[in-house]
Amino acid sequence: MYMDSIIRLVKETKGIIENREMASNVKEKGVADYVTQVDIAIQDFLKKELYALAPDIQFLGEESGLQPMDTDSYWILDPIDGTTNLIHDYQHSVVSLALCRQKEIVMGIVYDPFHDEFFSAVKSEGSFLNGRQIHVSYSENLSETIIGIGTAKRECAKENFARFLKVYENSQDIRRLGSAALELAYTACGRQGGYFEGYLNPWDYAAGMLLIQEAGGKVTDWNGNALDPTQASQVAGTNGRVHEKLLKLL
């Protein structure tokens, strides 16, 4: 799978991400939805290099949008997950890269250059942070753990915040990092017991989903169904132990 080469390529994006001039070059795609020159430069760089590494694998990236894939294998890339954070130099933005084969995620990477944290997973081989194997938390109850939240669509704000209140009242506390991929990675390494968001695209959750699964956790939609990594979906990822408890609140 050329894992060493893929890791090297993703780490090479650090210089682009740290370019504040490029991060300040912003276009608005929609309400509170932005793209910077950093997003575009990273997608162009990784698309070119990944095609050179594996010419038979196609490419699905955020800046080109959802589209049908006519192949069994393709990369799923979010060049910057946490673009609003990047614009404000909030330093919680990551590169998220996954490999999908026959509608199954078989490799996932979430790279946080600001904290030098590189999360990676290969199907059936475990999840790792900077080369050290990681596991989800052992919390049995929501009251023992932090739950990450995502605000998703603004038009659903009232419904979302009603859910946040229920989760806040039943958990130890809630957090919002502003990056779905990073929330899922933090769940995979046990920093929080779970995370949920009402609408995510495949590039938001594909890599993080595998990280959690390989770390011993569980990822589904809010009805408990398996996710289809070719489709946008509601997402809930947890350590598995609090999964059903969280879904009941959602």
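Worth pointing out:
- Taken over region 229-243, the criterion of being more than 13 Å from Ser139 (Cα to Cα), modelled with pLDDT of 95 or more and open to solvent by 30 Å² or more (accessible area, probe 1.4 Å) is satisfied by Gln234 alone.
- Residues that are free of Cβ contacts under 8 Å to residues at least 60 places away in the same chain and either more than 23 Å from Thr151 (Cα to Cα) or of a type in the set (D, E, K, R) (or both), drawn from region 82-113: Arg101, Gln102
- From the list Ala215, Ala226, Ala188, Ala207, the one residue that fits, being among the small types (Gly, Ala, Ser), open to solvent by 30 Å² or more (accessible area, probe 1.4 Å) and either farther than 22 Å from Asp112 by Cβ or at pLDDT 95 or above (or both), is Ala226.
- Against the conditions (1) small (Gly, Ala, Ser); (2) within 26 Å of Lys47 (Cβ to Cβ); (3) over 14 Å from the mean Cα position of the chain (by Cα), Ser171 satisfies every one except (2).
The values are calculated or read from the model by the stated rules, or taken from the named source; none is laboratory data. None of the values given here were measured: they were computed from a predicted structure. Virtual Cβ from ideal backbone geometry, glycine too; neighbours counted across all protein chains shown. Just so you know, the surface numbers come from the protein's heavy atoms only, side chains and all, with ligands and any DNA or RNA stripped out. Shrake-Rupley method; radii C 1.70, N 1.55, O 1.52, S 1.80 Å.
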